[in-house]
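What follows is a set of notes on a single structure, which appears directly below.
The values are calculated or read from the model by the stated rules, or taken from the named source; none is laboratory data. Note that the structure is a prediction, hence the values are computed from the model and not measured. Using ideal geometry, Cβ is built from the backbone for each residue, glycine included, and neighbour counts are taken over all protein chains shown.
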Amino acid sequence: MHIPRLVGRVVILFCLSQILVLFVLRTLSAAQERSSAASTHSKMALRRAHRFPDAAEKPIANWSGPVFSLSQDYPVWKPVAESQPWKKYDFSKEDEWKDYLASVLHYCVEGNVETDWVLQKNTVRRWYHAPWMHWGPSGREFIHGLTHERGSRPKELAPTQVSVFQNWAVGMYNAPGGWVIGKVWKDADHPDPNAFKGFPDGTVSIKLLFTEADTTEVPYLVGSKEWDAYIYDKIENPINPNGVRKVKKMRLVQVDIAVRDSRNDAITGWVFGTFTYNGALKGGSPYEKLVPIGIMWGNDPDASSPGDPLKQAFINSSPDVPKQHLGWNGRLNGPVDNPMSSCLSCHSTSEWPVNAGTTPGQGAQPGTPEWMKWFRNIKSGEAFAPGSKSLDYSLQLASGIQSFNQWNDMIMSLGGAFNGTPAPPNAGLKLLQKASPSRENYPVTRDPEM
Ligand code: HEC
């Protein structure tokens with residue numbers, strides 16, 4: 001064989017093999033890059049999914065019970081519209097409103113009962129918690145993420161009640177609601193109230209309210225759903241943020257729901273309803289013993305005197321509802337709620353900056369134009385006070401943004417109790433109480449007094 005030709009072939013073969021090796025190596029490294037990008041992406045997704053603290057404090061020593069985890073993997077895209085079974089019913093018809101509420105309640109408990117409201121484990125549909133409600137003396141406790149609600153004064157829960165009781169609650173939104181929360185909190189360091197123009201039709205929120213009262217004073221609580229919660233040992237007025245905390249048994253007393261229903265756009269855009277637990281009723285699980293107290297889709301702005309009829313609400317007149325109290329002039333409210341208010345009244349104040357208290361201003365006389373500002377029909381997306389941005393009836397968005405700003409206004413190291421690096425106990429709160437509020441004047445609360 002001709003030697004130089006052989007050498008030429010070898011050289012060509014060598015070059016070809018080198019090209020092949022290079023190609024294989026590049027393909028491999030590209031694949032590796034892709035997989036490492038994927039893992040970085042999933043790490044980022046994970047980080048993104050847990051940007052907000054879960055609770056005000058870390059679990060106490062030797063705690064072996066459940067620990068709350070904030071469901072915060074908010075949808076990035078607008079969720080595809082789900083079927084809304086409640087749309088079969090007209091909320092404003094006397095013979096349909098109870099079916100409307102029952103259908104919403106069924107939707108809310110589906111998949112959540114099985115997991116005891118660990119939203120991340122729901123296999124039917126996703127639900128989300130609002131961030132920044134861990135902050136302050138009423139912030140989320142570590143067991144179930146409950147926030148401190150208005151305390152119940154004697155006789156409010158039942159005629160036999162003599163003590164004042166603490167109530168604690170946790171609320172959540174379905175995917176359309178979670179999508180909006182995610183938009184507002186897209187940048188965890190700069191919540192943006194302007195990021196949305198109202199919640200989309202089909203948004204649903206449910207809130208479970210638990211009381212420390214038991215059957216001794218509130219007999220209808222017999223057999224109710226019980227949860228442990230890390231709450232104050234003693235109720236103090238005003239709340240003492242340094243008060244001793246204890247794990248106590250709580251009982252489900254009230255279940256609130258709010259539905260963004262575009263059929264009501266001309267009035268408020270929302271339908272609010274509430275249930276109370278009644279252990280005297282027949283039924284298997286505690287959820288079957290929830291009886292609707294009523295429904296409201298408007299604030300009845302014309303009903304300004306006692307006895308004026310309500311045209312934008314129904315109140316259940318059945319004896320299945322235990323003896324409790326309603327809101328102002330018979331408007332809808334739950335047993336735990338402020339009797340001078342109503343669901344839609346209080347929620348209509350949701351805005352940023354918070355330029356109005358949640359209940360009629362001090363000094364305003366019932367029924368006067370000033371008082372009736374709290375009983376207007378404010379449309380979805382319209383603010384309560386001029387110059388503020390509407391947060392569309394979501395007080396969880398309002399209270400979260402408010403807490404974030406209060407924290408932000410303080411020295412960060414004294415503030416938020418982030419997972420893993422808890423703040424010194426209530427150090428920030430002491431400062432907060434001394435500091436003059438810089439951006440807003442009204443606390444977002446179910447009870448301005450307690
Ligand atoms: C005086 C004020 C007040 C009244 C009355 C009131 N709420 Fe609320 N509600 C709040 C506050 C404050 C929050 C946010 C903090 C929280 O969840 O604890 C809230 C949260 C909620 C949530 C969670 C979603 C959201 O909008 O933030 C639902 C659902 C809800 N309330 C329904 C109701 C229903 C139904 C009624 C009437 C039966 C009612 N509320 C009466 C103050 C009130």
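Side notes on the structure shown:
- Taken together, the residues in region 154-174 that are in contact with a Gly (Cβ under 9 Å, 6 or more places away or on another chain) and either away from the ligand (no atom under 14 Å from the Cβ) or outside any strand (DSSP E or B) (or both) amount to 3.
- Consider region 123-153 and keep the residues that are among the hydrophobic types (A, V, I, L, M, F, W, C) and part of a loop (DSSP other than H, G, I, E, B). The one that is farthest from the ligand (Cβ to nearest atom) is Val124.
- Filter result (of a type outside the set (A, V, I, L, M, F, W, C) and under 14 Å from Ala175 (Cβ atoms)) within region 103-122: Tyr107, Glu110, Gly111, Asn112, Gln120, Asn122
- The set of residues in region 104-150 being of a type in the set (Lys, Arg) and in contact with a Lys or Arg (Cβ under 9 Å, 6 or more places away or on another chain) consists of Arg150 alone.
- Count - residues of region 216-235 that are surrounded by 15 or more Cβ atoms within 10 Å (Cβ to Cβ), outside any helix (DSSP H, G or I) and not hydrophobic (A, V, I, L, M, F, W, C): 7
- Breaking point among (1) more than 16 Å from the ligand (Cβ to nearest atom); (2) surrounded by 23 or more Cβ atoms within 10 Å (Cβ to Cβ), for Ser205: (1)
- Tyr173 vs. criteria more than 21 Å from Trp77 (Cβ to Cβ), touching a strand residue (DSSP E or B) at 6+ places or on another chain (Cβ under 6 Å) and aromatic (Phe, Trp, Tyr): no
- If the condition is being over 23 Å from the mean Cα position of the chain (by Cα) and closer than 27 Å to Thr215 by Cα, then region 259-287 contributes Asn278, Gly279, Ala280, Leu281, Lys282, Gly283, Gly284, Ser285.
- Condition check for Trp135: of a type outside the set (A, V, I, L, M), under 20 Å from Gly327 (Cα atoms) and surrounded by 24 or more Cβ atoms within 10 Å (Cβ to Cβ): no
- Within region 267-289, being more than 13 Å from the ligand (Cβ to nearest atom), of a type in the set (A, V, I, L, M, F, W, C) and under 30 Å from Pro219 (Cβ atoms) holds for Ala280, Leu281.
- Filter result (exposed (fewer than 12 other Cβ atoms within 10 Å of the Cβ) and over 14 Å from Asp201 (Cβ atoms)) within region 77-92: Trp77, Lys88
- Just so you know, in region 124-140 the residues that are hydrophobic (A, V, I, L, M, F, W, C) and over 8 Å from the mean Cα position of the chain (by Cα) include one that is farthest from Glu110 (Cα to Cα), and it is Trp135.
- Candidates Gly334, Gly307, filtered to the one that is part of a loop (DSSP other than H, G, I, E, B), touching a strand residue (DSSP E or B) at 6+ places or on another chain (Cβ under 9 Å) and small (Gly, Ala, Ser): Gly334
- Subset of region 311-349 [near the ligand (Cβ under 9 Å from one of its atoms), modelled with pLDDT of 95 or more and among the hydrophobic types (A, V, I, L, M, F, W, C)]: Leu332, Cys343, Leu344, Cys346
- Selected residue (criterion: nearest to the ligand (Cβ to nearest atom)) from residues of region 367-409 that are without any contact (Cβ under 8 Å) to a residue 60 or more places away in the chain, part of a loop (DSSP other than H, G, I, E, B) and of a type outside the set (S, T, N, Q): Phe384
- Restricted to region 256-303, and to residues there that are in a loop (DSSP other than H, G, I, E, B) and touching a Ser or Thr at 6+ places or on another chain (Cβ under 8 Å), the residue that is farthest from Ile378 (Cα to Cα) is Gly279.
- Here Thr268 meets the list (1) in contact (Cβ under 8 Å) with a residue 40 or more places away in the chain; (2) touching a strand residue (DSSP E or B) at 6+ places or on another chain (Cβ under 8 Å); (3) under 28 Å from Ser350 (Cα atoms) almost entirely, failing just condition (2).
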